[in-house]
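Nothing in this text is a laboratory measurement; each read-out follows from the coordinates by a stated rule. Keep in mind the model is a prediction, meaning the values are calculated, not measured. No Cβ is skipped: glycine too gets one built from the backbone with ideal geometry, and neighbour counts run over all protein chains shown.
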Amino acid sequence: MFRPWEMSKRREFSNACEAAKRGFTLVEVVVSIAILSIGLLSVAALIGSTLNSGTSARYVNMANILASEKLDTLNKWPASDPNVAAGGALTGTVVCGATDAYCDSVTVSESSGANYETQTQIVNGNPVTTTIVQTHTGCVDTPANCGVAAPTGGSTFTRRWLITVPVTVTSAAGTTTTITNGAGAGSGPRRITVLVTLNSNGVQNPITFQMSMVRP
């Protein structure tokens, strides 16, 4: 003889079995599809964000290298050379102006295992373009001298630099000190600041990188 609670358990078990035989209802299928869609969309968004972050990091690294390269070049000129005279600005148009000697553009590209760097700078009011390639065989020269084709496409960066003389330093206490060599205005140490900006390359977040140094 079954007890009432045993009968209730058997009835619940029987109902569950009947539901299992009938399969899923339309509402259950729709809810399952909605949950699956949300999950897939979340995964897709995560993958997209990861890829974009990786791309941005690569461009920031390239901008870092270009800023270091320009600072190294400007550090090689003697203090009396016009190339390191006070002047320039960190703001301006995407394309360097026709008379802006404190601005250049660099296009970085890769083709058939060769890395290209094309630089365009204003010299005496005229744009001068130079392309240097580094091949997989170790040749570092112009494409013609390395026997490879000219580059096509690539990522273009604009570099602007600001040179200030004399150099002023502000301490933590707020005291400002001007560093000079006592030889008059326009002489002494100078601060060089380089700003590198990636011209739109399909990256969601703007890519800029700034670096500075103080030289004699």
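Tabulated values for the structure
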read-out	value
Estimated distance in nm for a label pair at Val169 and Ser37, the labels positioned 7 Å out from Cα along Cα-to-Cβ	6.4
Principal axes of segment 83-216: Cα extent on each, largest first, Å	55, 36, 30
Segment 90-167 - Kirkwood radius from inverse mean 1/r over Cα pairs (Å)	13.8
Separation in nanometres of the label points that stand 7 Å from Cα toward Cβ, at Val214 and Leu26	7.8
Full-stretch length increase - Glu110, Thr55 - with 0.36 nm per residue and alpha-carbon distance subtracted	18.3 nm
Shape box of segment 30-152 [Cα atoms, principal axes, largest first, Å]	75, 38, 24
Segment 89-216, dipole about Cα centre (Lys/Arg Cβ +1, Asp/Glu Cβ -1), debye to the nearest 20	440
